[in-house]
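Quick notes on the structure that follows.
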Amino acid sequence: VLGRTVGIGAYLVRLGQRTIQKADTSPIILTGYQALNKLMGVDVYSTNDQLGGPGIMYSNGVSHLVAPDHLQAVSSAIEWLSFVPSVRNGLLPITDIRGIDEIERPIEFTPTAGIPYDPRLLLTGGENDDGVCQRNHFA
């Protein structure tokens with residue numbers, strides 16, 4: 001999503017399996033902030049980014065990646081395509097993941113009851129003691 005996506009276009013974005021959203025001027029919204037303010041009778045929102053900008057959509061899992069510009073968005077899409085077979089029903093480009101992502105690994109994140117947490121930590125392994133997020137445990 002490299003620009004504003006409104007209405008049915010926003011629904012179509014959500015139906016996609018992978019969404020890359022540009023970091024600025026690319027909200028995914030059903031209706032604009034002006035219409036919502038008019039409906040509510042009070043100015044609650046001041047920009048469309050408050051409704052569907054990357055800060056909202058990435059945090060909620062609608063966008064899977066935020067790119068700073070068009071080139072990075074296209075580069076990321078090409079990288080994702082490298083994980084797809086070259087022909088339908090073909091073999092995956094990477095079939096042997098031993099040593100890269102072990103299936104049997106210790107559970108490194110346990111949510112605490114009553115405290116909000118990022119559900120992605122259940123897949124990525126959480127943070128180690130120095131606060132650095134452990135990456136590449138789940139691709």
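Here, each number is a calculation from the coordinates, and none is a lab measurement. From a predicted model like this one, the values you see are computed outputs, not experimental measurements. Note that each Cβ is placed from the backbone with ideal geometry, even for glycine, and that neighbours are counted across all protein chains shown.
Data overview
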| item | result |
| --- | --- |
| For region 1-37 and region 49-92, distance of Cα centres in Å | 14 |
| Within region 1-32: backbone nitrogen closer than 13 Å to the VAL84 label point (7 Å, Cα to C-beta) | 16-20 |
| Mean residue ellipticity (222 nm) of the chain, computed from DSSP H runs ≥ 4 via -39,500 (n - 2.57), nearest 500 | -7000 deg cm²/dmol |
| Difference of contour (0.36 nm per residue) and Cα-Cα distance, PHE109 to GLN17 | 30.5 nm |
| Dipole of the chain, positive direction: furthest Cα of VAL66, VAL1, PRO111, with charges on the beta-carbon | VAL1 |
| Length-normalised contact order for the chain - Cα pairs under 8 Å, 6+ apart - percent | 17 |
| The chain: DSSP helices with Cα axial extent of at least 15 Å and average Kyte-Doolittle hydropathy no lower than -1.0 | 70-81 |
| Label assignment, semi-axes √(5λ) of the Cα gyration tensor in Å derived from the structure, set (i) 28, 20, 15; (ii) 38, 17, 14; (iii) 33, 23, 13 | (iii) |
